[in-house]
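The values are calculated or read from the model by the stated rules, or taken from the named source; none is laboratory data. Quick caveat, the model's predicted, so the values are computed rather than measured. Cβ: placed from backbone, ideal geometry, glycine included. Neighbour counts: every protein chain shown. SASA here: full protein model, heavy atoms, side chains in, ligands and nucleic acids out. Shrake-Rupley method; radii C 1.70, N 1.55, O 1.52, S 1.80 Å.
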Amino acid sequence: MKVNSHLEDFIHKLYQLIDIQKPLQLNIKTIPNAMDIKVFYWERTSEAILYNNMTAIFIDSHLSNQLQWQDFCHELCHPLLHTGDQFNMPPLFREYQEV
């Protein structure tokens, strides 16, 4: 019998919540639209911000589509799973969240 990890359970519930039913729905347009997250492309390192209850993800426009998707998924974890302002936390805790 297969047992899901906590992360797999979290993702499964998230997909149900935002009505992701097909692999083609897993993209940088569908997911943020369903979650009211703004996505911007810029010429710097990808990052996510939360400001006044609005989440924005900035994606490095120089990356390939595959790497942009990977960065998007990584940055999406910040508002979903992380705690606190990374600029005001101990470096080791920030590193722990990044990994």
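From the list [x] 1.14; [y] 3.28; [z] 1.03, can you say which value of Cα Rg over 2.2 N^0.38 Å was derived from the structure given?
Label of the calculated value: [x].
Beta carbons within 10 angstrom, averaged per residue: use that to sort the peptides 1-7, 47-53, 32-38, highest first.
32-38, 47-53, 1-7
Which FRET efficiency, nearest 0.05, do residue 53 and residue 25 yield, Cβ-Cβ r, R0 25 Å?
Working: r = 25 Å, r/R0 = 1.01.
Working from the Cβ atoms, E equals 0.50.
Can you list the lysines whose alpha carbon is less than 17 Å from that of residue 22, not counting same-chain residues fewer than 8 positions off?
Partners found: 13.
For segment 32-85, what is the accessible area per residue in Å² when the probe is 1.4 Å?
Details: 3580 Å² over 54 residues.
Per-residue value: 66 Å².
Give me, ordered by chain and number, the residues 5 or more places off residue 55 or on other chains with an amide H under 5 Å from its own placed amide H.
It is 38, by chain and number.
Could I have the simple spin-label model distance between residue 34 and residue 13, label points 7 Å from Cα toward Cβ, reported in nm to one decimal?
1.6
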